[in-house]
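Step one of this worksheet: look at the structure below.
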Amino acid sequence: MPDGARSLAVFIDFENLALGFPGRRDRFDITRVLERMVEKGKIVVKKAYADWNRFVDYTKSLHEAAIELIEIPRRAQTGKNSADIRLCVDAMDLAYSKEHIDTFAIVSGDSDFSPLVSKLKELGKHVIGLGMQDSTSDLLRDNCDEFIYYEDLGQKQTLAPALPATFPEAKRKLYALLLDSLLALRRENKEVLWSSMVKDTMKRKKPSFNETYYGYKTFSELLEDAQREGLVELDTDKRSRTYVVTRFGDEMKGEPAKAAAAKDAKGRRRRRSSGRRRTADGNGAGRSASDTADTTDSHSPRGERSEEGE
């Protein structure tokens, strides 16, 4: 696994999510949730809990997303919320038995999961919450390491440029995936966008991605082509000699990164040089005054002794 990549377990309290959708025109879209989660790292566990007889219309899309559906008896039969209990048991079991899973995503807005979040954090796990704005408890939201509102998913990002209509359809999809992956890394506060990091993110978003399918021998050739199209700006790392994406999308409208860095370095050298000159001038003046004082002091006693001798 790439250095710094997370290993995720996603737990979905589907009955809680369903409470936020009555009266809404849109339906719950699991792909929007998973697309954001793969930006965090590699998803290794996906489970959803509900009485699926009540949500038959959603089971097809969940099965297509390879999510394990956990059947929960109706509350009227058990007298308690079995979905919450089962989800907590499964999450704690994974936390103790699977050390490689370092991130847990709880898709729910129920405050009852707040103790689970606290326990997972106590075990050194990173906890991500995701829920509806109108049905999410403040207690759960504030207890997570980070929280994402479902309504914020899938919104158009301002950094992504509009791709020219003259591009072939295959190339438009390829560049859209590239730019979307770069945006995902920016959302995760990645400052240095290594080419390997970009490719790994593209493969998590689209596991079937392979640059050779689009006529490129290497991923570096793909990045070079994107740079010629004005979509990204590249630099070469001095140590590894691999590409680093310095700018992309709307960031390209400003001054080139290399020129800005060169100007900043030139300004620093000029300031250091000016500082050294001022220091040298000051030291010279100090030495002149000191030398004069030393000369006066050294001659005065001899002059006084000469007068006394006379």
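Here, each number is a calculation from the coordinates, and none is a lab measurement. No experiment lies behind these values; they were computed from the predicted model shown.
Summarising the amide proton neighbourhood of ASN210: residues at separation of 5 or more, or on other chains, whose placed amide H is nearer than 5 Å comprise an empty set. Cross-link check: pairs LYS42/LYS238; LYS40/LYS217; LYS40/LYS121; LYS40/LYS199 evaluated at a Cα-Cα cut-off of 22 Å; pairs beyond the cut-off: LYS42/LYS238; LYS40/LYS217.
What the phi angles of the stretch 204-221 give under the Karplus curve with 6.51, -1.76 and 1.60, with θ = phi - 60°, is a coupling list of 5, 6, 9, x, 7, 5, 8, 4, 5, 5, 9, x, 9, 6, 9, 5, 4, 5 Hz, glycine and proline written as x.
At what distance in angstrom do the alpha carbon centres of the stretch 216-248 and the stretch 35-64 lie from each other? Computed from Cα coordinates, the inter-centre distance equals 35 Å. Put simply, the amide H of ILE43, placed in the peptide plane, has neighbours under 5 Å in LEU8, leaving out anything fewer than 5 places away on its chain.
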